[in-house]
Amino acid sequence: MSRRRRALAQPFDFDGALDMVRDNLARADAMIVGADSLLVQMWSDDDEEGILRRRIRISYLMEAALLAMQVAINAGKELHLHRRNR
């Protein structure tokens, strides 16, 4: 049996997918709150090195938030698909 067929033959874990959505939305929220805090600090920082360090950290947090949101969106699509098939 092909790998794809085995994957399709396994029952869909509805609760696991819902947990994935919740976890990734919470993760994205935490990343965005962290980035927002760094933005506030950056406006009050006169140190050029501190500003650069915060910009890099903000960039990382925003990228991580976007990735978490994409995972949540994909899991939501799977939930929608399987809900319609019930």
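A short reminder: the numbers here are calculations on the coordinates, not readings from a lab. All figures in this text were calculated on a predicted structure; none of them were measured in a lab. Every residue, glycine as well, gets a Cβ built from its backbone with ideal geometry; the counts of neighbours run over all protein chains shown.
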For the chain, set up a GNM with springs between Cα atoms under 10 Å and report which of Ala72, Ala28, Ala64 has the largest fluctuation. Ala64
Taking the chain, how much of its Cα-Cα pair set, in percent, is spaced more than 18 angstrom apart? 59
Mind giving me the FRET efficiency for Glu48 and Ala26? R0 is 41 Å, r the Cβ-Cβ distance, nearest 0.05 is fine. 0.75
222 nm mean residue ellipticity, helices alone, for the chain (DSSP H n ≥ 4; -39,500 (n - 2.57); rounded to 500): -31000 deg cm²/dmol
